[in-house]
Amino acid sequence: PDLAEPQTSRLLHLQREMQSHPTRGLTPSRLARILDSAEQGDLTAQFELYEDMEEKDGHIASEMSKRRRACVLEWEVIAPPNATPEETRAAELVGELMTEIPDFEDMVFDATDAIGKGFACQEIEWHRVEKYWVPKTITHRPQSWFSLHRGYRQELRLRSNTVTDGVQGDPLRPFGWITHVHKAKSGYLERSA
């Protein structure tokens, strides 16, 4: 039943948010506040700052574009070496089902948004093709829609007014998301952006 509707379809407050462009009037003390806030778990201004930098600085935009487009390659699903007939058929089926995913190359490109921001999340909307569930759409969601919970492991959560397991925000539904965490350095996720 969780596959019937995307998780964010009812979170209208996120869909109505506008970016604040923190580079306007940026001072050293304001920059320090943005970075300190990110380390405390409020990541929105940090993501918006990076968005502004990427849009306003041609060199950053060019370098990021090269890195991101290098990941969009030709691909195919192949069976393992010495595959059994069942493994060969399974690889062919998965290859066919993957071609049913619209804009697959865009999904790969959108995952690389994590390079500058630490992580990227894409929401999957499912539908059936014959007897198989396959993605109907895979939609990039802005990093500002998420918060981090520091527990035993860091957990990305959708920003919402709900509290689940004593933690603010909604856990990401299983099978509803593709999440890429870019490990530019070790440590907390908010420091890797």
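The values are calculated or read from the model by the stated rules, or taken from the named source; none is laboratory data. For clarity, every value in this text was computed on a predicted model and none was experimentally measured. No Cβ is skipped: glycine too gets one built from the backbone with ideal geometry, and neighbour counts run over all protein chains shown. SASA here: full protein model, heavy atoms, side chains in, ligands and nucleic acids out. Shrake-Rupley method; radii C 1.70, N 1.55, O 1.52, S 1.80 Å.
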On the basis of being under 30 Å from PHE175 (Cα atoms) and in contact with a Lys or Arg (Cβ under 7 Å, 6 or more places away or on another chain), does CYS121 make the cut? yes
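For (1) over 24 Å from LEU43 (Cβ atoms); (2) aliphatic (A, V, I, L, M); (3) modelled with pLDDT of 90 or more, each residue gets a yes or a no:
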position	(1), (2), (3)
GLU92	yes, no, yes
ASP103	yes, no, no
ILE115	no, yes, no
GLU130	yes, no, no
ARG150	no, no, no
Pairs where the first residue, in the stretch 34-60, is within 21 Å of GLY169 (Cα to Cα) and open to solvent by 70 Å² or more (accessible area, probe 1.4 Å) and the second is modelled with pLDDT under 85 and part of a helix (DSSP H, G or I), C-beta under 8 Å, 6+ apart: GLU39/GLU190; GLU39/ARG191
Given the conditions (1) in contact (Cβ under 8 Å) with a residue 40 or more places away in the chain; (2) in a strand (DSSP E or B), which single one is not true for ARG128? (1)
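Could you identify the single residue in PRO142, PRO135 that is more than 14 Å from the chain's Cα centre (by Cα) and at pLDDT 85 or above?
Numbers: PRO142 fails: more than 14 Å from the chain's Cα centre (by Cα).
Answer to the check: PRO135.
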Please specify each residue of the stretch 162-193 satisfying the condition of being out of contact with any Gly (no Cβ under 9 Å at 6 or more places or on another chain) and in a strand (DSSP E or B). THR164, GLN168, GLY169, ASP170, PRO171, TRP177, ILE178, THR179, HIS180
ARG128 fails exactly one of the following numbered conditions: (1) open to solvent by less than 50 Å² (accessible area, probe 1.4 Å); (2) over 14 Å from the mean Cα position of the chain (by Cα); (3) basic (Lys, Arg). What is the number of that condition? (1)
